[in-house]
Amino acid sequence: MEFFIDTANLEEIKSLSTWGVVDGVTTNPSLIAKEGKSQKEIITAITEIIDGPISAEVIATDFDGMISEGQELAKIHSNIVIKVPLTIAGLQATKWFTENNIKTNVTLAFSANQALLAAKNGATYVSPFIGRLDDIGQTGMDLIREIRAIYDNYGFTTKILAASIRHTDHVKEAAIVGADVSTIPYKVLTQLVKHPLTDSGLEQFLADHAKSK
Ligand code: G3P
């Protein structure tokens with residue numbers, strides 16, 4: 001399973017990049033807006049830290065606008081993945097980017113049928129938002145399970161990118177049900193490593209070692 005970091009914060013990306021477990025980065029307009037710099041500046045800086053897929057989202061909602069923004073973003077670095085929303089124009093743009101060898105991440109996926117459409121148009125990734133489904137009383141993880149079954153039935157190669165991850169159990173469950181990638185916020189990724197028995201066990205080992213000759 002691949003791990004992406006779901007942030008546009010360069011300090012967070014730098015700090016997690018040293019762990020050896022980060023394969024890529026996802027951003028969105030809300031994450032970029034928090035940083036007080038332009039999307040181009042931030043995405044360029046991320047390419048200098050992480051050597052892996054970096055999702056940069058278009059703002060345009062029409063086909064032509066998505067294509068021209070996506071082409072500009074793709075020029076920044078060969079690792080850029082163009083993130084488009086799951087709309088008709090987004091699906092049309094996905095097909096165009098696929099035919100022009102530009103990678104895509106089709107975002108804001110909330111149903112298995114939407115994910116099926118993204119795969120049919122050759123999306124590199126589809127991003128089901130599991131936390132936002134949980135927020136409205138549905139079980140986000142069921143969506144990942146359904147998409148996995150559909151993609152496996154037909155051999156679609158679109159990668160399932162579990163997004164809107166809110167806690168460590170989301171990461172575990174996404175791995176169990178077969179998501180290809182989890183995009184994880186900084187706070188959740190740092191929590192993955194922690195267990196109280198690891199801390200107390202280590203403390204005990206060090207105390208015992210101090211007593212040994
Ligand atoms: O990058 C998209 C996604 O992960 C958003 O998460 O927490 O805003 O639902 P959230």
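The table below gives the values:
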item	result
Single condition residue 33 does not satisfy, out of (1) free of Cβ contacts under 8 Å to residues at least 40 places away in the same chain; (2) more than 14 Å from the ligand (Cβ to nearest atom)	(2)
So residue 93, is it assigned to a helix (DSSP H, G or I), away from the ligand (no atom under 16 Å from the Cβ) and within 19 Å of the chain's Cα centre (by Cα)	no
Complete set of residues in segment 1-54 that are of a type in the set (Val, Ile, Thr), open to solvent by less than 20 Å² (accessible area, probe 1.4 Å) and assigned to a loop (DSSP other than H, G, I, E, B)	7, 27, 50
Within segment 168-189, tally of residues that are free of Cβ contacts under 8 Å to residues at least 24 places away in the same chain, out of contact with any strand residue (DSSP E or B) (no Cβ under 7 Å at 6 or more places or on another chain) and under 24 Å from residue 7 (Cβ atoms)	4
Residue count, segment 129-158 (criterion: in contact with a Ser or Thr (Cβ under 8 Å, 6 or more places away or on another chain), within 16 Å of the ligand (Cβ to nearest atom) and either without any contact (Cβ under 8 Å) to a residue 40 or more places away in the chain or closer than 17 Å to residue 90 by Cβ (or both))	6
Considering residues of segment 117-128 that are more than 16 Å from the ligand (Cβ to nearest atom) and either acidic (Asp, Glu) or under 23 Å from residue 28 (Cβ atoms) (or both) only, the residue most open to solvent (accessible area, probe 1.4 Å)	117
Condition met for residue 177 (loosely packed, with under 12 Cβ neighbours inside 10 Å and more than 16 Å from the ligand (Cβ to nearest atom))	no
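The values are calculated or read from the model by the stated rules, or taken from the named source; none is laboratory data. Just so it is clear, the structure is predicted and the values come from calculations on it, not from any experiment. In this analysis, Cβ positions are derived from the backbone assuming ideal geometry, glycine residues included, and neighbour counts consider all displayed protein chains. Heavy atoms of the whole protein, side chains included, go into the accessibility calculation; ligands, DNA and RNA do not. Shrake-Rupley method; radii C 1.70, N 1.55, O 1.52, S 1.80 Å.
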